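Please read the structure below before turning to the comments.
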Amino acid sequence: MSKENTKIKDCWIISSGLIGCENQCLGITERMGIKADLKRINPSIGLSILAPYGKPIFNNELTGPWPDMAISAGRRTVPYLRYIRKKSKKECKTIYLQDPKINSKEFDIVWAPSHDRIEGNNVIKTVTSPNRVSENLLNQAYTEWNNTFSKFSKPLAGFLIGGVSKAYSFNDFECNKVLNSINIALKSGWTPLITLSRRTPKYLANKIREILKNKDYFLFDDDGPNPYFAILKFSDVIILTPDSANMISEALAVPKPIYFIDMKSNSKRFEKFIISLVESNHIKPLEEKIEVYENKKLDATQEVVDYIYKNLF
């Protein structure tokens, strides 16, 4: 459990609008029991190119009185977090999530994944990413979606389908792997609960709809409320594409048995992340058989929160 928060009265989350980055920050502040003020920045083209270097143009949102803590993630937010630290004369404690690509001394604390190279006396590294998964959030999702998901025949296989990224191409061959994984689940008697990403190729989304015809299933395709956390809660196993460290981290924070659809990564850094989790038996490549197994929880969020309290407050 986190310590009772007595010193942090105000907190800002600095965001460039990337939901994955926002969720990492929210995971930390929610676990600390802090209600954070979300500050969305809109850097100029020049500053976006220069980041993590450069200085932000005056922003009415980012003026004193300064909060006790400011947290951000994503390269474009770095100049703003440095600006806040300087203007507040280091009274505002700054926490950056991910590798900032500059010296960690520019912040009070830096979190980075274990497969990144950054080191420093104020750096905490964990295998998985901070995230919003908590008992409260999962129970809330259960209540909201119980009427929907309780109607499906068990066992339930949650499918977290991502999409094109710098590390993964999602070519036709790999899209077929995704389709094959859904077919394996259907033929084995599993009911698929599927959520698609905004990055999911349209070709793949259409093919998924085709193979689900006349089947018992649930499909979220960015229309209406997203049952993402409910799928994590209700599913007996999670089957996912390996393109998102956040998705994998969230499933392991529940935890649930996790199978990943084996795809070729264009990133040695990301490949190292996947291999480390396979070697520790936290995730398994999907083959022809889906089994429920006991998985080990990885709670990076609590590790980071404990580090913050120990070193700053």
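Figures for the structure shown
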{"quantity": "Packing-based ranking, highest mean first, of 141-148, 65-72 given that Cβ atoms within 10 Å are counted", "calculated": "65-72, 141-148"}
{"quantity": "Estimated distance in nm for a label pair at E61 and S153, the labels positioned 7 Å out from Cα along Cα-to-Cβ", "calculated": "4.9"}
{"quantity": "Gyration tensor verdict on the stretch 173-242 (Cα atoms; rounded if a/c is under 1.5, prolate if a/b is larger than b/c, oblate otherwise)", "calculated": "rounded"}
{"quantity": "Compactness index (Cα Rg / 2.2 N^0.38 Å), the stretch 109-154", "calculated": "1.90"}
{"quantity": "Per-peptide average of other Cβ atoms within 10 Å, ordering 77-88, 53-64 highest first", "calculated": "77-88, 53-64"}
{"quantity": "Contact order normalised by residue count of the chain, Cα under 8 Å, 6+ apart, percent", "calculated": "17"}
{"quantity": "Listed values [x] 62, 40, 37; [y] 57, 52, 39; [z] 63, 51, 37, entry calculated as Cα extents along the principal axes in Å", "calculated": "[x]"}
{"quantity": "Pairwise label distance in nanometres, D222 with F173, each label 7 Å out on the Cα-Cβ vector", "calculated": "2.7"}
{"quantity": "Additional length obtainable on full extension of the chain from E271 to K101, 0.36 nm per residue less Cα span", "calculated": "59.2 nm"}
{"quantity": "Pairs of alpha carbons in the stretch 135-185 whose separation is greater than 18 Å (percent)", "calculated": "54"}
{"quantity": "Packing-based exposure ordering (other Cβ within 10 Å, fewest first) of Y309, Y203", "calculated": "Y203, Y309"}
{"quantity": "Choice from I13, I239, I45 showing the highest fluctuation, given a GNM over the chain with Cα pairs closer than 10 Å", "calculated": "I45"}
{"quantity": "Unsatisfied cross-links (Cα-Cα over 27 Å) in the set K207/K296; K39/K272; K35/K154; K9/K87; K105/K264; K177/K256", "calculated": "K207/K296; K39/K272; K35/K154; K105/K264"}
{"quantity": "Relative contact order for the stretch 18-116, counting Cα pairs under 8 Å that sit 6 or more residues apart, in percent", "calculated": "23"}
{"quantity": "Modelled FRET efficiency - R0 45 Å, I211 with K89, Cβ distances, 0.05 increments", "calculated": "0.15"}
{"quantity": "Three-way shape label, the stretch 135-285, alpha-carbon gyration tensor, a/c 1.5", "calculated": "oblate"}
{"quantity": "Distant-in-sequence amide H partners of I194 (H built 1.01 Å from N, under 5 Å)", "calculated": "F159, F218, L219, F220"}
{"quantity": "Cβ-derived FRET efficiency at R0 35 Å, E279 paired with Y309, nearest 0.05", "calculated": "0.70"}
{"quantity": "Relative contact order (%) - the stretch 135-285, alpha-carbon pairs under 8 angstrom, separation at least six", "calculated": "30"}
{"quantity": "Relative exposure of I275, I102, judged by other C-beta atoms within 10 Å (fewest first)", "calculated": "I275, I102"}
{"quantity": "Span from the the stretch 233-306 Cα centroid across to the the stretch 114-184 one, whole angstrom", "calculated": "8"}
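Read the figures in this text as sums done on the coordinates, not as results from a lab. As the structure is a prediction and not an experimental result, all values here were calculated from the model. FYI the Cβ positions are ideal-geometry reconstructions off the backbone, even for glycines, and counts take in every protein chain you see.
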